[in-house]
Amino acid sequence: MTKVQALPSPGAIARVRQRTYLVEQVIEGNSASDSTLVRLSCVDDDNQGADREDELQQLESNHRYWSKRLDVLEEELKTEPDRVRALYTVQAQRIDPVGLVYLWPVTR
């Protein structure tokens, strides 16, 4: 069961996905069906001052990249096996022994 909590006020501290944020602005929706926008700024030492929007833009960028990459992977699954098989074809048909080498230990 999900707990319904009151909206945070500007200046409050909020935890979102294991990070601590400062609530900068709260914009309530116009109607009951509209969502409330909460603008956050990270206060963690490793990401201080980063906006939540920056993280969302990075997430969207990653999503676009992986969408394209998955399309390329589909094509690679068709072409790469032949390319890899060609790397393992034996180039030399026969190896002829040329001689024999004896190694004698050096004794003192």
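Once R0 is set to 41 Å, what does the formula 1/(1 + (r/R0)^6) return for the Cβ-Cβ distance between residue 68 and residue 95, expressed as a FRET efficiency to the nearest 0.05? For R0 = 41 Å, the calculated efficiency reads 0.35. Helix 52-87 and the long axis of the chain differ in direction by around 20°, with both axes built from C-alpha atoms.
The alpha-carbon atoms of the chain define a convex hull whose volume equals 359 cubic angstrom per residue. Annotation: amide H of residue 43 within the under-5 Å range of 20, 21, 22, 49, sequence separation 5 or more or interchain, hydrogens built in the peptide plane. Residues whose amide H comes within less than 5 Å of that of residue 12, counting only those at least five positions distant or on another chain, are 23 (H built at 1.01 Å from N in the peptide plane).
Taking chymotrypsin sites (Phe, Trp or Tyr not before Pro) in DSSP loop conformation with at most 14 other Cβ atoms inside 10 Å as exposed sites, the chain has its longest uninterrupted site-free stretch at 1-87.
Residues in the range 9-20 carry Karplus couplings, in order, of 9, x, x, 7, 9, 10, 9, 9, 6, 6, 10, 9 Hz; the curve used is 6.51 cos²θ - 1.76 cosθ + 1.60 with θ = phi - 60°, and Gly or Pro positions show x.
Before anything else, pin down the relative contact order of the chain: Cα pairs under 8 Å, at least 6 apart, normalised by residue count, whole percent.
12
Values of log10 I(q)/I(0) for the range 8-49 across q = 0.25 Å⁻¹ run -0.81, by the Debye formula with one identical scatterer at each alpha carbon and no solvent.
All of the numbers you see were taken from the coordinates with simple rules; none came from a lab. In this text the structure is predicted, and so the values were computed from the model without any measurement. Note that each Cβ is placed from the backbone with ideal geometry, even for glycine, and that neighbours are counted across all protein chains shown.
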